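J.: Supplied in structure tokens, the structure appears directly below.
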């Protein structure tokens, strides 16, 4: 009998404390059992736990959005590669800034020439008579500012994407031509010089010897 009374005395305070802990937040909770309260807290935790699937979906959407922005900016970068330097009644002349550069003239280390590709777009396409694929022309020139001379290397007609099988002549020191006023070569020469600030000046690339750099860049045989 004494043992039973002692067990009851130990059990009752703990039960009362448990009930008090349940009732600390809201007196109305006193009518609920411990199981009901525990279930409610479990439901609350479940609602406030981050949804990993939602987070992964949001991250994926964010990455996709970034890719779209990069794709949208790509055409702008491509368009800025060519800058208009000249226009006449037939063509718009655009200089390729990516490949245009100053180079040492072979056997004349103190004198430089400009290696440049010019894109010719027919005005008829720009005026609304566009047909697909659009045709344009690419012309390759060497320009010698010190002597006011020009050297023609290649011309190709392009429909769509240009191919790499065009016949590009080698540099030849005997093929420099003096400018003739009023010719298209004279106009291109002066138009390129007006935009020489957009042309990269480089006599070697990453430590490569000047001889190798010239041969690899403009197909010059020394």
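The values are calculated or read from the model by the stated rules, or taken from the named source; none is laboratory data. Note that the structure is predicted; figures quoted are calculated from it, not measured. When we count neighbours, we look across all protein chains shown, and the Cβ atoms used for this are built from the backbone with ideal geometry, even at glycine.
J.: When you scan the stretch 96-119, how many residues do you find that are over 19 Å from residue 148 (Cα atoms) and crowded, with 19+ Cβ neighbours inside 10 Å?
T.: 1
J.: For the stretch 204-222, check the following and say yes or no: at least one residue is touching a strand residue (DSSP E or B) at 6+ places or on another chain (Cβ under 6 Å), exposed (fewer than 11 other Cβ atoms within 10 Å of the Cβ), at pLDDT below 90 and farther than 27 Å from residue 91 by Cα.
T.: no
J.: Go over the candidates 89, 121 one by one and state the one that is within 16 Å of residue 187 (Cβ to Cβ) and part of a loop (DSSP other than H, G, I, E, B).
T.: Of the residues listed, the single one that is within 16 Å of residue 187 (Cβ to Cβ) and part of a loop (DSSP other than H, G, I, E, B) is 89.
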